[in-house]
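Inspection log for the structure reproduced underneath, given as structure tokens.
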Amino acid sequence: EHLVSTERRFRMQQEANALLALDGHGVPRVLETNANEWNDKSQSLYIVMEWVEGPSLSQHVGGRALPLDDALTISRSLLDTVSRCHALDIYHRDLKPDNVILRNAAIDSAVLVDFGMSWTDQDDDATREYRTQAGQEIGNRFLRLPEHVPGRHLHDRRSDITMVVGLLFYMLTGEAPRALRDVRGAMPHEVNAQRFAPQTTQDPRWPRLRRVFNVGFQENIDLRFLSSEDLLKRLDDLYPSQRLDPDAELREELNRINDLLNSERARQLISMRSVLSEASGKYLASHHRQL
């Protein structure tokens, strides 16, 4: 059925054109395709691309926790490709360990594959009917995002950036984050710190790494990292390892307090403050009149 499905054929065309636009930079190079014939169902579609030798990220991790510097190197390499995608208005939307291949097992050569769920701002109105349907969930079970639940049609580069943060968490714990909040409202890195190896939590960079997760795993997309460059700046503070100066501990604590003040919960409390103040004033005024 998928061979004649208009949506499936359109998605194949989307994938081929995204890969062609990226021209082999951090993605498999397309050698030949007729995917632009997607609207002619008499044509059997095909795409021929290079074979990328190397393990997938899930094979490389294999349920263990990677050293922090290795995880950061892979994340930086992946962010370079994601940045190229976003510069061309291409959103991958399906970043997960199985869709990342380490070319020749090199941690600084991450290759992003499977653009079947990708979306581009360059789509025209004629193809709008073939995009994700209203009740269809996009993304994956590796990290389910609120903006990808059925009924929502938010296409945003920040979703891809959040998935990169999820991959960083995965590399440091060997486990998928699954969701931005558990039933108690805790973020993945807050649920159980024992998921991380002692070498990571005892590293002097751990407080700064924790703040990366604090921002990257916000439910409100407006509070997350704005772009791959934004996240890359935070990772630059972690890689390579830097020796902390004597005042670093105090600054880390001040930064932790600042993160709390800028958290989603703090913003909600601040927004309620004026309402509560007004209600309190009305109550006191009424109480004084009765006296």
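Quick look at the numbers
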{"quantity": "Area accessible to solvent at ILE90, 1.4 Å probe radius, in Å²", "calculated": "10 Å²"}
{"quantity": "Accessible area of PHE217 in the full protein assembly, 1.4 Å probe (Å², nearest 10)", "calculated": "0 Å²"}
{"quantity": "Efficiency of FRET from Cβ geometry, GLU229 and SER277, R₀ 41 Å, rounded to 0.05", "calculated": "0.55"}
{"quantity": "Largest-first ordering by accessible area, 1.4 Å probe, given options ARG184, ARG64, ARG211, ARG76", "calculated": "ARG184, ARG64, ARG76, ARG211"}
{"quantity": "Estimated FRET transfer efficiency when R0 is 35 angstrom, pair ASN104-ASN220 (beta carbons, to 0.05)", "calculated": "0.30"}
{"quantity": "Gap separating the Cα centres of the range 183-228 and the range 43-68, nearest whole Å", "calculated": "26 Å"}
{"quantity": "Per residue solvent-accessible surface (Å²) - the range 154-240, probe of 1.4 Å", "calculated": "42 Å²"}
{"quantity": "Point-to-point label distance, GLU53-ARG29, nm (Cα→Cβ direction, 7 Å offset)", "calculated": "1.5 nm"}
{"quantity": "Carbon/sulfur fraction of accessible area - the range 1-108, other protein chains in place, 1.4 Å, %", "calculated": "46 percent"}
{"quantity": "Net lengthening on full extension, ALA193/GLU175 (0.36 nm per residue, minus Cα-Cα)", "calculated": "5.3 nm"}
{"quantity": "Net charge of Cβ neighbours under 15 Å - reference GLU1; Lys, Arg +1; Asp, Glu -1", "calculated": "+3"}
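The values are calculated or read from the model by the stated rules, or taken from the named source; none is laboratory data. What you are looking at is a predicted structure, and each value in this text was computed from that prediction instead of being measured. Cβ coordinates were reconstructed from backbone atoms using ideal geometry, including for glycine residues, and neighbour counts include every protein chain displayed. Heavy atoms of the whole protein, side chains included, go into the accessibility calculation; ligands, DNA and RNA do not. Shrake-Rupley method; radii C 1.70, N 1.55, O 1.52, S 1.80 Å.
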